[in-house]
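Structure first, commentary second.
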Number of protein chains: 2
Amino acid sequence: MLDAAVLVFSRRGFHHANMDEIAELSGVSKPMVYAYLGTKEELFIACLRRESARLVSGLAAAADPTLPPDQQLWRGLKGFFEFVGAHRDGWSVLYRQARTQQPFSAEISRMREAVVEVITDRLDGALRQEGRQVKPDDLTAMALTLVGASESLADWLADHPDEDPGRTATRLMNAVWLGADQLMRGSTWRPPTP
Amino acid sequence: MLDAAVLVFSRRGFHHANMDEIAELSGVSKPMVYAYLGTKEELFIACLRRESARLVSGLAAAADPTLPPDQQLWRGLKGFFEFVGAHRDGWSVLYRQARTQQPFSAEISRMREAVVEVITDRLDGALRQEGRQVKPDDLTAMALTLVGASESLADWLADHPDEDPGRTATRLMNAVWLGADQLMRGSTWRPPTP
DNA sequence: CTGGAAACTTACTCGTGCGTAACATTACGG
DNA sequence: CCGTAATGTTACGCACGAGTAAGTTTCCAG
């Protein structure tokens, strides 16, 4: 039933989705949807929570803070893109819809900020270990760069069923780890062969 | 009048914006808005076109293809963030709203794709000059990384009035040009002193 | 069988807001 | 002055879709 909702929301968007369609696709009638999941907003929030829980748990499992920085980054990216690849509809609902729509932006912002904060912390830790210290805003900007780039490639991945999530992760890893300068000189980052 | 529309759309979002409010803010009555700009959708498209024209012209002026790659990138980013800083409302309308909403996503996608294509071409050119050739998908991924990161930082910039656009551009330049590896080792990219 | 509770559906109400028809006001040429 | 055209405004029609009241079927206890 939530699956039906996610599907419809991702296809139509929150506003253009109507409850009748969700009900029909779930194979029940509208008042049942209201009985079980409540109003349209509550239903959407329910979808949101489920998808974001899936994503966050996937990420948490992937990036072990005891690993070296590049490994953390690699695993985090891989976990993320694998999630998106496996839940394309969920990704759509989570981001494309929710980030803009007024009643939910707060919810989604919180989640995004949590991710940014985790990345910021890891960056900070890695840099301290190198004996360096960076201003908070610089750290935030780096984390936002990473998150934004990931979202952008995630959208692309969601629209290209043939693209392999691991490959997408490698592409991004190349870009953010090595940087354009290194890339132009022919350097390449390769995933570890496990 | 378009200004009023952009303001309302950016504040409320397309769906929550109602024509009465736009009319009131423009200082005319609703039928006048219809007479001059047509339906709500047409009005939104009009806003979209104007904002995107501003942005694209700003970008085109900034990144001269005869410059060396890092200079192109630097100027492009600087131009972009200066645009966002100067037209926060416009940025909101252009991206936060339009990218998701069904009837406009096509329009905005086209524009975004145009930007991605320009970047792809420049990258390709720069790489060829180094005697290297890269698969189209890799080029696209690099361009998408850059665009996604820019959008992410643009959102941040739009929400932080104190942040200087040039500074934001420098932050991103550091991240994408040098890469995390170099950054962790203490390298820094600095803007040219004109 | 039958009473009635649980599970579900049909068919409605009602608010909202886009778009417009009908009415008012100003400008101006004769 | 007065007709009439340009430029507005007020007040409404109407569709759409969220949420619900009233009716219907299913299921089981006695």
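On the basis of being without any contact (Cβ under 8 Å) to a residue 40 or more places away in the chain, within 30 Å of B:Gly79 (Cβ to Cβ) and within 12 Å of DNA strand C (Cβ to nearest atom), does B:Arg54 make the cut?
Here the answer is no, as B:Arg54 does not meet what is asked.
Could you tell me whether the stretch B:135-145 includes any residue that is touching a Leu at 6+ places or on another chain (Cβ under 8 Å), touching a residue at least 24 places away in the same chain (Cβ under 8 Å) and either more than 10 Å from every other protein chain (Cβ to nearest Cβ) or closer than 19 Å to A:Thr140 by Cα (or both)?
Among the residues of the stretch B:135-145, at least one is touching a Leu at 6+ places or on another chain (Cβ under 8 Å), touching a residue at least 24 places away in the same chain (Cβ under 8 Å) and either more than 10 Å from every other protein chain (Cβ to nearest Cβ) or closer than 19 Å to A:Thr140 by Cα (or both), which makes the answer yes.
Please give the number of the condition B:Val134 fails out of (1) over 22 Å from B:Ala61 (Cα atoms); (2) assigned to a helix (DSSP H, G or I); (3) over 15 Å from the mean Cα position of the chain (by Cα).
Status for B:Val134: all satisfied but (2).
Picking from A:Glu42, A:Glu82, which residue would you name as being buried (at least 17 other Cβ atoms within 10 Å of the Cβ), more than 16 Å from DNA strand C (Cβ to nearest atom) and more than 14 Å from chain B (Cβ to nearest Cβ)?
Among A:Glu42, A:Glu82, only A:Glu82 is buried (at least 17 other Cβ atoms within 10 Å of the Cβ), more than 16 Å from DNA strand C (Cβ to nearest atom) and more than 14 Å from chain B (Cβ to nearest Cβ).
Considering only residues that are part of a helix (DSSP H, G or I) and near DNA strand D (Cβ under 10 Å from one of its atoms), look in the stretch A:9-29 and name the one that is farthest from the other protein chains (Cβ to nearest Cβ).
Per the criteria, the residue is A:Ala23.
For the stretch A:35-55, give me each residue that is within 22 Å of B:His16 (Cβ to Cβ) and assigned to a helix (DSSP H, G or I).
Scanning the stretch A:35-55 gives A:Lys40, A:Glu41, A:Glu42, A:Leu43, A:Phe44, A:Ile45, A:Ala46, A:Cys47, A:Leu48.
Which residues, counting only those in the stretch A:172-194, are facing another protein chain (nearest Cβ under 7 Å) and under 23 Å from the mean Cα position of the chain (by Cα)?
Of everything in the stretch A:172-194, those that are facing another protein chain (nearest Cβ under 7 Å) and under 23 Å from the mean Cα position of the chain (by Cα) turn out to be A:Leu172, A:Ala175, A:Val176, A:Trp177, A:Leu178, A:Gly179.
Can you find, within the stretch B:146-171, the residue that is farthest from A:His160 (Cα to Cα) among those that are acidic (Asp, Glu) and at the interface with another protein chain (Cβ under 9 Å from one of its Cβ atoms)?
B:Glu163
Please list, ordered by first then second residue, the pairs with beta carbon atoms under 7 Å, 6 or more apart or interchain, first in the stretch B:80-91 and under 19 Å from B:Arg11 (Cα atoms) and in contact (Cβ under 8 Å) with a residue 12 or more places away in the chain, second of a type in the set (Gly, Ala, Ser) and in a helix (DSSP H, G or I).
Qualifying pairs under 7 Å: B:Phe83/B:Gly58; B:Val84/B:Ala154; B:Val84/B:Ala158; B:Arg88/B:Ala158; B:Asp89/B:Ser10; B:Trp91/B:Ala154; B:Trp91/B:Ala158.
Of the conditions (1) within 16 Å of DNA strand D (Cβ to nearest atom); (2) assigned to a loop (DSSP other than H, G, I, E, B); (3) loosely packed, with under 15 Cβ neighbours inside 10 Å, B:Met32 fails just one. Which one is it?
For B:Met32, the failing item is (2).
Would you pick out the residues in the stretch A:77-116 that are over 11 Å from the mean Cα position of the chain (by Cα), among the polar types (S, T, N, Q) and part of a helix (DSSP H, G or I)?
Hits for the stretch A:77-116 are A:Gln97, A:Gln102, A:Ser105, A:Ser109.
Would you point out which residue out of A:Asp89, A:Asp138, A:Asp121 is farther than 22 Å from B:Leu157 by Cα and acidic (Asp, Glu)?
It is A:Asp89.
Quick note: the coordinates plus some simple rules give every number you see, no bench work behind them. Computed from a predicted model, the values in this text were never measured in an experiment. Here the Cβ is made from the backbone with ideal geometry for all residues, glycine too, and neighbour counts use every protein chain on show.
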